[in-house]
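Enquirer: Got a structure here, written out as structure tokens. Questions coming.
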Amino acid sequence: MNRLMLAAAALALSAGMGMAQTVRIATEGAYPPYNLVNDAGEVDGFEVELGNELCKRAELDCTWVKNDWDSIISNLNSSNYDAIMAGMSITEERKQSVAFTQNYIPPTASAYAAPDAGVDVTTAVVAAQISTIQAQYVAESGARLLEFATPDEAVGAVRDGQAEAVFADRDFLVPIVNESNGAMVWVEGQDNIPLGEGIGMALRQSDTELKAKFDAAITSMKDDGTLNQLISKWFGEEGVLY
Amino acid sequence: MIASCADPKTLEGLTWLMCYLTSGKHVLFYLSFGTVLVLLAVTAPVALLFGFGGAMASRSRLAPLRWFGRIYTSMVRGVPDIIFFLFVPIALDQAFEWLRARLYCDPSVPIRQGNEFVVCTAAKLPLSSSPEWVHQTYGFALAVIAFAIVFGAFAANVLYGAMTAVPRAQLETAEAYGMSPRQVNRRILIPQMWTYALPGLANLWMILIKATPLLFVLGVEDIVYWARELGASKTSAYSYPHGDWRIYYFLAILAFYLLMTWGSERIFDRIRRRLSSGQATAAGEAMRKAAT
Amino acid sequence: MNQCLQTIQDYALRSIGLGEWMLPRSDFTLCQQITLIGSGLIWNLYFGVLALFCGFFLANALAVAKIGRNPWLRKPAEWFIFVFRGSPLFIQFFLVYEALVMLPRAGIDILGLTIQTSWVTKAWAGALLVLVLNTAAYSAEIFYGALRNLPKGELEAADAYGMSGWSRYRRIVWPHAMRLAWPAYTNEAIFLFHATTLVYFSSFPAFRQQGDSLYYANYFADKTFNPFVAYPIVAGYFILVTLCLIAIFGIFNRRLNRHLPGAATRLRYRPNLVR
């Protein structure tokens, strides 16, 4: 922990000097614990801490940008910022429009959560965030898909009874299910569905140099175990380590 | 903020609420009301200017200019404003960067690479090394331009109508005094048209107030953004966990807007009374009768 | 060309859930964009037509209540009009959505009958409700203004004929008020159709990717990273809708004024800003 705080301080210093190349990283700020806006109004979360550390290792000067999820890829491609760290799963479809670094979270499970563990997820009304791999999975499963702009609206829809289940990253749903006092439970047999190729940082396809830098930084963090420490810190025991 | 708020988990009742309402995130929420007011304060004069230009163009003797004015003033009638709001900022951003790329970049590198719109570092607007507030201001400025274009067209409609409503006799009198067309415009037409334009402009101001939440659609962090962010239910990953409170935040916003429109109406009533005095209109006549 | 016909077959009714299930994901053609956005227009027309129809009756009732002397009717009508005209439609959508989802999920028991509540949070019902209330408030203000501007002579003439109450209202007051209000009401109708594009940008979720024209335009603009095609297509559709509205309202206007000398003149559409 102390090392990380030092890292942040060092980053602040180097930012002040303005020597390094500036990289703007976009995040959604509404997907705890991956990324969130904390009570001081600043971006925070696993990816923010990770991103700052990666930038330090790659000797880049990073700033954070908040952007809505549904326009996050198009704004990357129109060069409003240079990278995305927003819990974005690596998929074949997305690879056609952006380049991904190697994953910084191993392929994770998605899960269905619902008030009733016995709900049949292939016929129910299922809520998911718009243009996520989960939304696509639901659409292909034949279930009735309700799309929401933010993940917590999707969860809210289940609480209000508009949808019978919500489908999202398991890590995102864990605290919600645990703190719901039984109002939300995992759907039986549907609480661990591997989707995608893990979560990675998205970059423009033309930015090969930047991709190499971040890839190297991620490798170094995997090698010395700091990435696993970070995952354990933010995701607790449920987190999948390298 | 307040020293006793250091550990929100131990607080209860009113103190908890006090600490909650003064958290950094809430301060940003309160400041975003300022964003709305700034948008109004900047957009209104700019839109009026655009409108003035549009109305003058529609009255122009030069045919192409007149057509341009007519198209500009009638486009907002046929097309929903939100489409302009979605389209104009992206289009402007790409246009600016394209122009700058022509100036500063190696012309052999294409700007559209497949799906991507890439300009070299020097042509980025704003430069990626510039601080965050520059980016925010730039985004806000694009929003202002989009608003000004749409409301300028509305204003052009109103002003054009007001210019034609000025009694012909007054202009002819001025001509009889030997004033040139430009002098007639400046000394008679423009001062006299305000009383006819005011009802329309007042209405326009109301529409503008009620269009400000669309800033949210443009990705500006306005009151709607923060209300949704703050009101969404929070797990214990946050210092102040709570359920879904969005409805309270939206009620606060509703109250803000009702206050704004109600206050504006009061003010316009006063201006209307002032402008009506001495005019050859029903309201002016009523005031004259009341005075004698 | 044949390919385009196939696309039209697949997607023309996509917004109401018929035809091809998967939206196009790559290699977007102009034909796909025009077809799907046009398909979304079905929802805009649905919201616009129904809200206008229901809102018309509500607005008449509100206008009469507001001009009446009974404070128990006048005050609520004044407040209703003030709240809905004084606040942004965008916020009304959010608020009503939040309020509707707070209804008990199991339904409400009234005298042993259970009234289902789950359907009201769907866009087709919830958003329509907001649009009806909104346009009713604006139209009521227009009709109220028309009622206040009725020529005194007509009312006195009606009295002289011994008309009173309902028959006076139906035969004299209402037709004349409509005649006065019609140009402004045309304007309101156009605004209402434009406002239907806000539905899917407010809280109401798109169900099975069935959205309105702007929803699909946004989908394409995001996927192709090119705003210069999809949004102008929506704009084109809306210009058509606006022209149709002006034509239809012009027919009503001629009918309302058919007894007047020179009634054949078409509706002088003055773009007054009444909102």
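Enquirer: At a Förster distance of 45 Å, what's the computed FRET efficiency of B:SER236 paired with B:VAL42, Cβ-Cβ distance as r, to 0.05?
Expert: Once the sixth-power term is evaluated, E becomes 0.65.
Enquirer: Here is a further query. How far apart, in nm, are two points set 7 Å out from the Cα along the Cα-to-Cβ line at A:GLU93 and at C:ALA247?
Expert: Using points 7 Å along Cα→Cβ, the separation is 3.9 nm.
Enquirer: Compute the long axis of helix C:2-11 from its Cα atoms, compare it with the longest principal axis of the Cα atoms of chain C, and write down the angle in degrees, 0 to 90, nearest 10.
Expert: 60
Enquirer: Lys/Arg Cβ at +1, Asp/Glu Cβ at -1, dipole of chain C taken about the Cα centre: which of C:PHE220, C:PRO205, C:LEU155 is farthest positive-ward?
Expert: C:LEU155
Enquirer: Further question: Relative contact order of chain C: what whole-number percent is it, with Cα pairs under 8 angstrom and at least 6 residues apart? Walk me through the numbers on the way to the answer.
Expert: Working: 307 pairs, mean separation 69.3, N = 275.
Once divided by the residue count of chain C, the mean separation gives 25 percent.
Enquirer: A further question follows. Using θ = phi - 60° and the Karplus relation 6.51 cos²θ - 1.76 cosθ + 1.60, list the HN-Hα couplings for the stretch C:139-147 in order, rounded to whole Hz, with x at every Gly or Pro.
Expert: 5, 4, 5, 5, 5, 4, x, 5, 4
Enquirer: To the nearest 20 debye, what charge dipole does the stretch B:3-291 have about its Cα centre, counting +1 at the Cβ of each Lys and Arg and -1 at the Cβ of each Asp and Glu? Intermediate values should be presented prior to the final figure.
Expert: Working: 26 positive and 17 negative charges, 270 e Å.
The calculation lands at about 1300 debye.
Enquirer: I'd like to know how the stretch A:109-194 sits against the 2.2 N^0.38 Å rule of thumb: what's its Cα Rg over that expected value?
Expert: So the Cα radius of gyration is 0.92 times the expected 2.2 N^0.38 Å.
Enquirer: Would you work out the charge dipole size for the protein assembly as shown about its Cα centre, treating the Cβ of every Lys and Arg as +1 and the Cβ of every Asp and Glu as -1, and quote it to the nearest 20 debye? Present the calculation step by step, with values, prior to reporting the outcome.
Expert: Details: 65 positive and 65 negative charges, 1147 e Å.
For the protein assembly as shown, the charge dipole is close to 5520 debye.
Enquirer: For q values of 0.10, 0.16, 0.21, 0.22 Å⁻¹, compute log₁₀ I(q)/I(0) with the Debye formula on a Cα-only model of the stretch C:120-210, without solvent.
Expert: Calculated log10 I(q)/I(0) at the listed q: -0.42, -0.73, -0.97, -1.02.
Enquirer: Let me ask something else. With all protein chains present, how much of the accessible area of the stretch A:109-194 (probe radius 1.4 Å) comes from carbon and sulfur, to the nearest whole percent?
Expert: C and S atoms contribute 46 percent here.
Enquirer: To continue, here is another question. Step through the residues of the stretch C:79-93 one at a time and calculate ³J(HN,Hα) from phi using the Karplus curve (6.51 cos²θ - 1.76 cosθ + 1.60, θ = phi - 60°), rounding each to whole Hz and writing x for Gly and Pro.
Expert: 5, 4, 5, 4, 5, 7, 8, x, 10, x, 4, 4, 5, 4, 4
Enquirer: Which residues' amide hydrogens lie under 5 Å from the amide hydrogen of A:ALA26, considering only partners 5 or more residues apart or on another chain, with H built in the peptide plane?
Expert: A:VAL65, A:ASP82, A:ALA83, A:ILE84, A:MET85
Enquirer: In the stretch C:59-88, which residues give up 40 Å² or more of accessible area once the other protein chains are added, compared with their chain alone (1.4 Å probe)?
Expert: At a threshold of 40 Å² (probe 1.4 Å), the residues of the stretch C:59-88 that become less exposed are C:PHE82, C:GLY86, C:PRO88.
Enquirer: Please compute, over every Cα-Cα pair in the protein assembly as shown, the percentage with a separation greater than 42 angstrom. Present the calculation step by step, with values, prior to reporting the outcome.
Expert: On the way: 122289 of 326836 pairs.
Result for the distance tail: 37 percent.
Enquirer: In the structure displayed, which of A:LYS56/A:LYS211; A:LYS233/B:LYS124; B:LYS25/C:LYS223; B:LYS9/C:LYS122 lie more than 26 Å apart, Cα to Cα? Let's see the in-between values first.
Expert: On the way: A:LYS56/A:LYS211 15 Å; A:LYS233/B:LYS124 37 Å; B:LYS25/C:LYS223 33 Å; B:LYS9/C:LYS122 37 Å.
Those over the limit are A:LYS233/B:LYS124; B:LYS25/C:LYS223; B:LYS9/C:LYS122.
Enquirer: How much area per residue is accessible in the protein assembly as shown when the probe is 1.4 Å and only protein heavy atoms are counted (Å²)? Don't skip to the answer; put the middle values down first.
Expert: Details: 36440 Å² over 809 residues.
I get 45 Å² per residue for this part.
Enquirer: Can you give me the % of accessible surface on the stretch B:94-163 that is carbon or sulfur? Probe 1.4 Å, all protein chains present, nothing else counted.
Expert: Percent of accessible area from carbon and sulfur atoms in the stretch B:94-163: 68.
Enquirer: Can I ask one more? When a/c reaches 1.5 or more, the comparison of a/b and b/c decides; with that in mind, is the stretch B:3-291 rounded, prolate or oblate per its Cα gyration tensor?
Expert: oblate
Enquirer: Please turn the phi angles of the stretch A:76-84 into ³J(HN,Hα) values with the Karplus equation 6.51 cos²θ - 1.76 cosθ + 1.60 (θ = phi - 60°), one per residue in order, whole Hz, x for glycine and proline.
Expert: Whole-Hz 3J(HN,Hα) from phi for the stretch A:76-84: 5, 5, 8, 6, 6, 8, 10, 8, 10.
Enquirer: Out of every Cα-Cα pair in the stretch B:234-273, what percent are more than 12 Å apart?
Expert: Values: 543 of 780 pairs.
Summing the P(r) of the stretch B:234-273 above 12 Å gives 70 percent of all pairs.
Enquirer: Could you run the Debye sum over the Cα atoms of the stretch B:1-149, one equal point scatterer each and no solvent, and tell me log10 of I(q)/I(0) at q = 0.09, 0.14, 0.20 Å⁻¹, two decimals?
Expert: -0.52, -0.92, -1.20
Enquirer: Using the membrane-span-like helix rule (whole DSSP H runs, Cα extent along the own axis of at least 24 Å, mean Kyte-Doolittle hydropathy at least 1.6), which helices of chain A qualify?
Expert: Numbers: long enough: none.
Qualifying helices, which must be both long enough and hydrophobic enough, do not occur.
Enquirer: Suppose a student asked you for the relative contact order of chain B, using Cα pairs under 8 Å spaced at least 6 residues apart; what percent would you report?
Expert: 21
Enquirer: Same structure, new question: Assigning unit charges at the beta carbon (Lys, Arg +1; Asp, Glu -1) and nothing else, what dipole magnitude in debye, to the nearest 20, does the stretch A:109-194 show about its Cα centre?
Expert: Value, rounded to 20: 60 debye.
Enquirer: With a/c under 1.5 counting as rounded, go ahead and sort chain C into rounded, prolate or oblate using the C-alpha gyration tensor (a ≥ b ≥ c being the square roots of the eigenvalues; past the cut-off, prolate if a/b is larger than b/c, else oblate). Let's see the in-between values first.
Expert: Values: a/c = 2.67, a/b = 1.53, b/c = 1.74.
Oblate, because a/c is 1.5 or more while a/b does not exceed b/c.
Enquirer: Also, I was wondering about something else. Between the stretch B:93-162 and the stretch A:120-192, what is the C-alpha centre distance in whole Å?
Expert: Their Cα centres are 38 Å away from one another.
Enquirer: Here is a follow-up. Chains B and A: how much accessible area gets covered up at their contact, both sides added, probe 1.4 Å, in Å² to the nearest hundred?
Expert: Using a 1.4 Å probe, the pair buries roughly 2500 Å².
The values are calculated or read from the model by the stated rules, or taken from the named source; none is laboratory data. None of these values were measured; they are calculated from a predicted model. FYI the Cβ positions are ideal-geometry reconstructions off the backbone, even for glycines, and counts take in every protein chain you see. The accessibility values were calculated without ligands, DNA or RNA, using every heavy atom of the protein model including side chains. Shrake-Rupley method; radii C 1.70, N 1.55, O 1.52, S 1.80 Å.
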